[in-house]
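Here the structure comes first, spelled out in structure tokens, and everything after it is commentary.
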Amino acid sequence: MSVSGLPPYDDQNVFARILRGEIPCRKVHEDPHALAFHDINPQAPVHVLVIPKGRWVSAADFHANAPEAEVAGFWRAVGLVARQLGLEQGGYRILSNMGPDAGQEVPHFHVHIFGGRRLGRMIPPPAA
Ligand code: AMP
């Protein structure tokens, strides 16, 4: 499946550099398909990022173009990480920002896992 308007993958993006070991991270999980680490600027008591190891720009790119085994392996890792973080009883939120309207900052597909407190509204109301 083709996705229109995708930028080319930037090998210098910060998550590519973390995957190559050029920048440190606080790792919580790694397997053949995914790496999970604490967000550098946490928005909740638990805020972990899960990234695929492949060169996917965004959620749109990943879900259209990644091989089935990588898609399955990645999402299994998201569930496993949330469980390992002890979030299943209290609950958690998973979120992926895709493109400018969502404010995606890093052009390597990633999922945020938030937890550790009541997280409130899913989307804040628009500024008045
Ligand atoms: P997004 O806006 O969805 O692209 O989210 C990018 C996230 O990456 C933000 O929550 C940043 O705090 C986080 N981030 C940026 N650089 C790093 C880094 N070196 N280590 C961990 N998290 C980072």
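The values are calculated or read from the model by the stated rules, or taken from the named source; none is laboratory data. Given the structure is predicted, the values throughout are model-derived calculations rather than measurements. All Cβ positions, glycine included, derive from the backbone under ideal geometry; neighbour counts span all protein chains shown. These accessible areas exclude ligands, DNA and RNA; they are computed on the full protein's heavy atoms, side chains included. Shrake-Rupley method; radii C 1.70, N 1.55, O 1.52, S 1.80 Å.
Identify, please: which residue in segment 29-53 is touching a residue at least 24 places away in the same chain (Cβ under 8 Å) and open to solvent by 50 Å² or more (accessible area, probe 1.4 Å) and is, among those, farthest from the ligand (Cβ to nearest atom)? Result: PRO32. Taken over segment 75-128, the criterion of being open to solvent by 60 Å² or more (accessible area, probe 1.4 Å), within 11 Å of the ligand (Cβ to nearest atom) and in contact with a helix residue (DSSP H, G or I) (Cβ under 8 Å, 6 or more places away or on another chain) is satisfied by MET98 alone. Being within 14 Å of the ligand (Cβ to nearest atom), in contact with a Phe, Trp or Tyr (Cβ under 7 Å, 6 or more places away or on another chain) and open to solvent by less than 50 Å² (accessible area, probe 1.4 Å) is a description that does not apply to ALA66. If the condition is being closer than 17 Å to PHE37 by Cβ and either of a type in the set (A, V, I, L, M, F, W, C) or in contact (Cβ under 8 Å) with a residue 24 or more places away in the chain (or both), then segment 74-91 contributes PHE74, ALA77, VAL78, LEU80, VAL81, ALA82, GLN84, LEU85, LEU87. Here SER58 clears all of (1) buried (at least 18 other Cβ atoms within 10 Å of the Cβ); (2) touching a residue at least 24 places away in the same chain (Cβ under 8 Å); (3) in contact with a strand residue (DSSP E or B) (Cβ under 6 Å, 6 or more places away or on another chain) except the condition numbered (3).
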